[in-house]
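The values are calculated or read from the model by the stated rules, or taken from the named source; none is laboratory data. No experiment lies behind these values; they were computed from the predicted model shown. Every residue, glycine among them, receives a Cβ derived from its backbone with ideal geometry; neighbour counts consider all protein chains shown. Only protein heavy atoms, including side chains, enter the accessible area calculation; ligands, DNA and RNA are left aside. Shrake-Rupley method; radii C 1.70, N 1.55, O 1.52, S 1.80 Å.
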Amino acid sequence: MNTPLSIGDYLIQQLHRHGVRHVFGIPGDYVLGFYDQLSKSKLRVINTCDEQGAGFAADAYARVRGLGAVCITYCVGGLKVANATAEAFAEKSPVVVISGAPGMKEREKNPLLHHKVREFDTQKKVFEQLTIASTVLSDGQTAFQEIDRVLHAALRFKRPVYIELPRDMVSVPGIPHHKPIEFHEVSDPQTLREALVEAEQMINTARRPVILADVEVHRFGLQETLRKLAARTNIPVAATVLGKSVIGEHHPFYMGIYEGAMGREDVRRYVENSDCLLMLGAFMTDINLGVYTARLDPARSIYATSEKLSLRYHTYENVRFKDFMRGLLRARLRRRALGRIPRPEVSPAFHSRLGAKLTVQRLFQRLNAFLTDDTVVVADVGDALFGATDLYIRHRTEFISPAYYTSMGFAVPASIGAQLANPKLRPLVLVGDGAFQMTGMELTTVARCGLNPVVVVLNNRGYGTERHMQDGPYNDLWAWNYSRVPEILGAGRGFVIQTEDQLDRALSEVAQWRKGFCLLDVQLDPLDRSPALQRLAERLAKRLQGRQRR
Ligand SMILES: Cc1ncc(C[n+]2csc(CCOP(=O)(O)OP(=O)(O)O)c2C)c(N)n1
Ligand SMILES: [Mg+2]
């Protein structure tokens, strides 16, 4: 007779089945039993310096691989991944948060056990707000089904989930002969058909339709469907910042990033003046839409996401995003001539000027030439992100950033997750000095795992983005010797960069040297900024003046 699997073993088996190979986290006594099982399993445990780093790494892992996992101890660890989980929720990244917890028997009579905040379920309640599904595996009879349910929700909605594993339940057997529940959700065929008929009619009668592609196209693996749709119909495509890289930027129908007033004016005009706007997998967030400077008219829009489908002002229920996208590809959409459309600016070949002080704009121009098919660009918040929106992403280069939730400190730990998720990728990490001071020491984990990201610290000696809104001593940072971090860690290589020729030489060397991480301390003027940030400031100022005049 088969002995049934234990709850811990079943959880590991199911994570593996859904493609997870690495679990990020830090152990603690409430989760040690499960760590023991993990370390004897096919999954590899990646210890980070801090739980926040584990959370960001798992998020990036999920974005690249389709599912990620973080495993921590009760409350002291769990609450430290709350922020990263919030980010994963907000930006649709399916991360499984596994937390150890006091045993069910230990909870009787409500004793004051260490790490407990208030009630035993305080942490669970916090995570209910931050996840799409959650469970406490408190019963061997239901544990396997609960694991199936919660993992399915993560995959279905591309959002994080929470699994609490009381320490006396890890080795408890589940029910014998359990077969993982298969969930098949299908669109209602009639509703789907009707939605497609309306879409077809809207698109075919439009003079200048345009696609605005966003993050869900990436999360649901529909990049190829999107490419075919655009190639077949010649409907031009713009992407949002969060959706940057959903489509190779070299395609003739690709226009560039749309982000309201923050983006390029020609793209903004084209998108906002379109008589049929197909927002595919789009997130109507403020940063995505240029900090509330976007002007998109629902009366002329098709809005399709995994959560909602509306055409003009009609809403269709029970239509899966995937089915709608694939349906569009099959629909009888007329092929039109690809007229004159905005095109992304390809930077001219970079010729460094000897001794010329490096600016943010020139930095990104040179970085453009550094990108290859196996680069994954991981951009942190601040001018690292604003500047990166103007990078020209070729072919299959991936772009990852917390462009909506914008929590600083994402990029260095995220590069760990991204590279472990796909070892063929070499991360190019773009990170401000402020963000680097938050989580940059996760380079420790980078070194331990033998990874080789190229980390560019945009060192403007402070919170540059904030300086442009309101300056004060609170925006100044203590100047680290960033390039000497490799010495502390006994791994990697550091570079100090002040001029264009130094940057040019360093990046040429870095492209050749792939044995470990490289850290470039790029020293910039504190008031210098990227053209994107400049554009935003100017247009917001103009709008403000307009309002004051009225
Ligand atoms: C965790 C977190 N704390 C605070 C902020 C608010 N904030 C937004 S940008 C910014 C400054 C970022 O500084 P840095 O990383 O040096 O990038 P820079 O703006 O200088 O390019 C701050 C503090 C944030 N987004 N995330
Ligand atoms: Mg800075």
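The table below gives the values:
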quantity	calculated
Residue identified as of a type in the set (A, V, I, L, M), modelled with pLDDT of 95 or more and open to solvent by 20 Å² or more (accessible area, probe 1.4 Å) among 150, 117, 172, 161	172
Set 337, 356, 349: member being away from ligand 2 (no atom under 16 Å from the Cβ), open to solvent by less than 50 Å² (accessible area, probe 1.4 Å) and out of contact with any Leu (no Cβ under 8 Å at 6 or more places or on another chain)	356
Residues located in region 460-476, provided they are open to solvent by 30 Å² or more (accessible area, probe 1.4 Å), assigned to a loop (DSSP other than H, G, I, E, B) and within 13 Å of residue 360 (Cβ to Cβ)	468
Residue within region 370-383 that is hydrophobic (A, V, I, L, M, F, W, C), away from ligand 2 (no atom under 16 Å from the Cβ), more than 24 Å from residue 499 (Cβ to Cβ) and not in a loop (DSSP other than H, G, I, E, B) present	yes
For residue 106: the one exception among (1) more than 20 Å from the chain's Cα centre (by Cα); (2) over 17 Å from residue 50 (Cα atoms); (3) assigned to a loop (DSSP other than H, G, I, E, B)	(3)
Top-ranked residue in region 207-252 [being among the hydroxyl-bearing types (Ser, Thr, Tyr) and in contact with a Leu (Cβ under 6 Å, 6 or more places away or on another chain); ranked as farthest from residue 267 (Cα to Cα)]	225
Pairs with Cβ under 6 Å, 6+ apart, first in region 400-422 and assigned to a strand (DSSP E or B), second β-branched (Val, Ile, Thr)	400/378
Qualifying residue in region 97-119 (condition: among the aliphatic types (A, V, I, L, M) and closer than 27 Å to residue 378 by Cβ)	yes
Filtered residues of region 462-476 (kept if without any contact (Cβ under 8 Å) to a residue 60 or more places away in the chain and touching a helix residue (DSSP H, G or I) at 6+ places or on another chain (Cβ under 6 Å))	466, 475
In region 413-433, residue farthest from residue 366 (Cα to Cα) [restricted to those that are open to solvent by less than 10 Å² (accessible area, probe 1.4 Å), within 16 Å of ligand 2 (Cβ to nearest atom) and not charged (D, E, K, R)]	431
Those residues of region 363-386 which are in contact with a helix residue (DSSP H, G or I) (Cβ under 9 Å, 6 or more places away or on another chain) and open to solvent by 40 Å² or more (accessible area, probe 1.4 Å), in sequence order	369, 372
Count of residues meeting criterion [of a type outside the set (Asp, Glu), more than 19 Å from residue 452 (Cα to Cα) and within 16 Å of ligand 1 (Cβ to nearest atom)] in region 348-390	15
Candidates 51, 108 - the one that is more than 15 Å from residue 159 (Cα to Cα), out of contact with any Pro (no Cβ under 9 Å at 6 or more places or on another chain) and modelled with pLDDT under 95	108
Residue within region 75-96 that is more than 12 Å from the chain's Cα centre (by Cα), under 17 Å from residue 12 (Cα atoms) and modelled with pLDDT of 95 or more present	yes
Lone unmet requirement of (1) crowded, with 19+ Cβ neighbours inside 10 Å; (2) touching a strand residue (DSSP E or B) at 6+ places or on another chain (Cβ under 7 Å) for residue 128	(1)
Among (1) within 16 Å of ligand 2 (Cβ to nearest atom); (2) of a type in the set (Ser, Thr, Tyr); (3) at pLDDT 95 or above; (4) over 25 Å from residue 23 (Cβ atoms), the one test that residue 465 misses	(3)
Residue within region 391-400 that is within 21 Å of residue 503 (Cα to Cα), touching a strand residue (DSSP E or B) at 6+ places or on another chain (Cβ under 9 Å), open to solvent by less than 50 Å² (accessible area, probe 1.4 Å) and within 16 Å of ligand 1 (Cβ to nearest atom) present	yes
Criterion: within 26 Å of the chain's Cα centre (by Cα), open to solvent by less than 60 Å² (accessible area, probe 1.4 Å), more than 24 Å from residue 372 (Cα to Cα) and aliphatic (A, V, I, L, M) - qualifying residue of 520, 533	533
Condition met for residue 216 (open to solvent by less than 30 Å² (accessible area, probe 1.4 Å), of a type in the set (D, E, K, R) and within 26 Å of the chain's Cα centre (by Cα))	yes
Residue 527 surrounded by fewer than 17 Cβ atoms within 10 Å (Cβ to Cβ), in contact with a His (Cβ under 9 Å, 6 or more places away or on another chain) and at negative phi	yes
Top-ranked residue in region 222-245 [being without any contact (Cβ under 8 Å) to a residue 60 or more places away in the chain and open to solvent by 10 Å² or more (accessible area, probe 1.4 Å); ranked as farthest from the chain's Cα centre (by Cα)]	231
Some residue of region 441-461 being away from ligand 1 (no atom under 16 Å from the Cβ), free of Cβ contacts under 8 Å to residues at least 12 places away in the same chain, closer than 18 Å to residue 514 by Cα and within 20 Å of the chain's Cα centre (by Cα)	no
From 436, 410, residue being among the aromatic types (Phe, Trp, Tyr), within 16 Å of ligand 1 (Cβ to nearest atom), open to solvent by less than 10 Å² (accessible area, probe 1.4 Å) and under 16 Å from the mean Cα position of the chain (by Cα)	410
